[in-house]
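Novice: Sharing a structure here in structure tokens format.
Laboratory data are not the source of any read-out in this text; all were calculated from the coordinates shown. This one's a predicted model, so the numbers in the text were calculated from it and none came from an experiment. Neighbour counts are summed over all protein chains in view; Cβ atoms, including those assigned to glycine, are modelled from backbone coordinates with ideal geometry.
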Amino acid sequence: MTRSRRIPSPYLESPRRRRVSGFLAAAAPEEIRGCFLPLLDGGAAAIALLQRHPEGWFGFSSPNPDVMAVWESVRDDVGGLVAGIQDLAAAHDPARFAAVRDQPAETVERMPSVTRAARFVYLRGTARPDAAGEPLQEFGDAHYGRDAVAFDAAGLRELATLLRSRDVSLSVGSLFEVLREVGEDDVVVLDPPSAAQDARELRSFVGALAAKGAGVIASDLGDGFYAGWPGMVRLAESANDEPVWVNTVLQRARSAGARHEW
């Protein structure tokens, strides 16, 4: 396990999600073979795991193609991505924000991946957050929120180097498309962007992972979201205000000799 300076998320992330990421990463076994992060949003937990586990294979995915366009562009064309964000930032004002936000969906879908990625980083970094203070993933009803674009060019380049040095697969897909790829003893980290995630679908997914013998690590989504779910337990050592949940498969792996720093 390696320790290094924390690399920032590729776009604006909330302080709470950055804080939770360390607890999620620390809950993983000392060594991992395969690690899946579906429902990828800010990516702070994904980055923390990449930094801690150079030995692992990682599968990052999201049903949102804009999110995955950013990660692909960071890995494959970080210079083009930085330039695209800087071009948008140079003309940033309320009118420019509205024009970018209101681009038709078909126009966005036809954009080169790096252009689409720059648009997402720009809107994420300038839009007003939601009622819970979390940055948005969708921008159809977004409001102007910042006079400067929140992004870190140096951090994007650091993340590009990290992604290129690890075994990482990036894909757009649903939870159950990910499920097909998960094997016994793999680890799945659930850090959905909000509690709006379909609880029934997520519960079914968690149950199917346990049946496959895969470990689950999950951030709490408020009000003890996972309380009472079969096989899910709250880690006693997680911070009182930021609980982390694991399934019994993962708990056994931790008890078998993993040591963690919290």
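Novice: Run lengths n ≥ 4 of DSSP H only: what is the helix-derived mean residue ellipticity at 222 nm for the chain, with -39500 (n - 2.57) per run over all residues, to the nearest 500?
Specialist: Computed mean residue ellipticity for the chain: -13000 deg cm²/dmol.
Novice: Same structure again: Filter the DSSP H helices in the chain by two things, a Kyte-Doolittle mean of at least 0.0 and an axial alpha-carbon span of 24 angstrom or more, and list the hits by number.
Specialist: Span-like helices in the chain: 65-90.
Novice: In Å, the Kirkwood hydrodynamic radius of the chain over pairs of distinct alpha carbons?
Specialist: With all distinct Cα pairs of the chain included, I get 18.8 Å.
Novice: Check residue 28: other-chain or 5+ apart residues with amide H under 5 Å from its amide H, H built from backbone geometry?
Specialist: When sequence neighbours closer than 5 places are left aside, there are no close amide H contacts.
Novice: Under a GNM of the chain (C-alpha, springs under 10 Å), which listed residue has the highest mean-square fluctuation: 155, 228, 215?
Specialist: Top of the fluctuation ranking is 228.
Novice: Using only the Cα atoms of region 39-90, what semi-axes does the equivalent ellipsoid have when each is the square root of 5 times a gyration tensor eigenvalue? Give whole Å, largest first.
Specialist: 23, 13, 10
Novice: Let me ask something else about it. Rank the residues 126, 107, 115 as a footprinting-exposure proxy: fewest other Cβ atoms within 10 Å of their Cβ go first. Spell out each step's value before the answer.
Specialist: On the way: 126 28, 107 10, 115 18.
Going from sparsest to densest Cβ surroundings: 107, 115, 126.
Novice: Let me ask something else. Just to be sure I understand: of the beta bridges DSSP finds with both ends in the chain, what percent are antiparallel, rounded to 5? Write down the numbers at each step before the final one.
Specialist: Details: 7 of 23 bridges.
Rounded to the nearest five, the antiparallel share is 30 percent.
Novice: Given the Cα-Cα distance of residue 208 and residue 146 and 0.36 nm per residue of separation, how much length would full extension add, in nm? Kindly include the intermediate steps, with their values, before the conclusion.
Specialist: Values: separation 62, 0.36 × 62 = 22.32 nm, distance 4.18 nm.
Extending this stretch completely gives an extra 18.1 nm.
Novice: A follow-up question, please. Can you tell which of 18, 203, 116 shows the greatest fluctuation in a Gaussian network model of the chain with Cα springs below 10 Å?
Specialist: Ranking 18, 203, 116 by mean-square fluctuation puts 203 first.
Novice: Could you give P(r) for region 67-155, binned at 10 Å from zero, as whole percent values over all Cα-Cα pairs?
Specialist: Spelled out bin by bin, region 67-155 gives 18, 53, 29, 1 percent.
Novice: Moving on. Determine, for 57, 71, the number of other Cβ atoms within 10 Å of each Cβ, and report the residues in order from fewest to most.
Specialist: Ranking 57, 71 by Cβ neighbours within 10 Å, fewest first, gives 57, 71.
Novice: By how many nm would the segment from residue 31 to residue 223 grow when fully extended, if each residue of separation counts as 0.36 nm and the alpha-carbon distance is taken off?
Specialist: Details: separation 192, 0.36 × 192 = 69.12 nm, distance 3.12 nm.
Extra length available between residue 31 and residue 223 comes to 66.0 nm.
Novice: Between residue 6 and residue 255, what is the spin-label point distance in nm, taking each point 7 Å from the Cα along the Cα→C-beta axis?
Specialist: Here the answer is 3.0 nm between the modelled labels.
Novice: Would you pull out the residues with amide H under 5 Å of residue 59's amide H, same chain only if 5 or more places away, H placed 1.01 Å from N?
Specialist: Close amide H contacts, sequence-distant or interchain: 35, 36, 37, 169.
Novice: A further question follows. List 53, 143 from most exposed to least, where exposure is judged by having the fewest other Cβ atoms within 10 Å. Provide the component values of the computation, followed by the final result.
Specialist: Numbers: 53 22, 143 14.
With the fewest neighbours first, 53, 143 line up as 143, 53.
Novice: What residue among 199, 214, 131 has the largest mean-square fluctuation in a Gaussian network model of the chain, using Cα springs under 10 Å?
Specialist: 131
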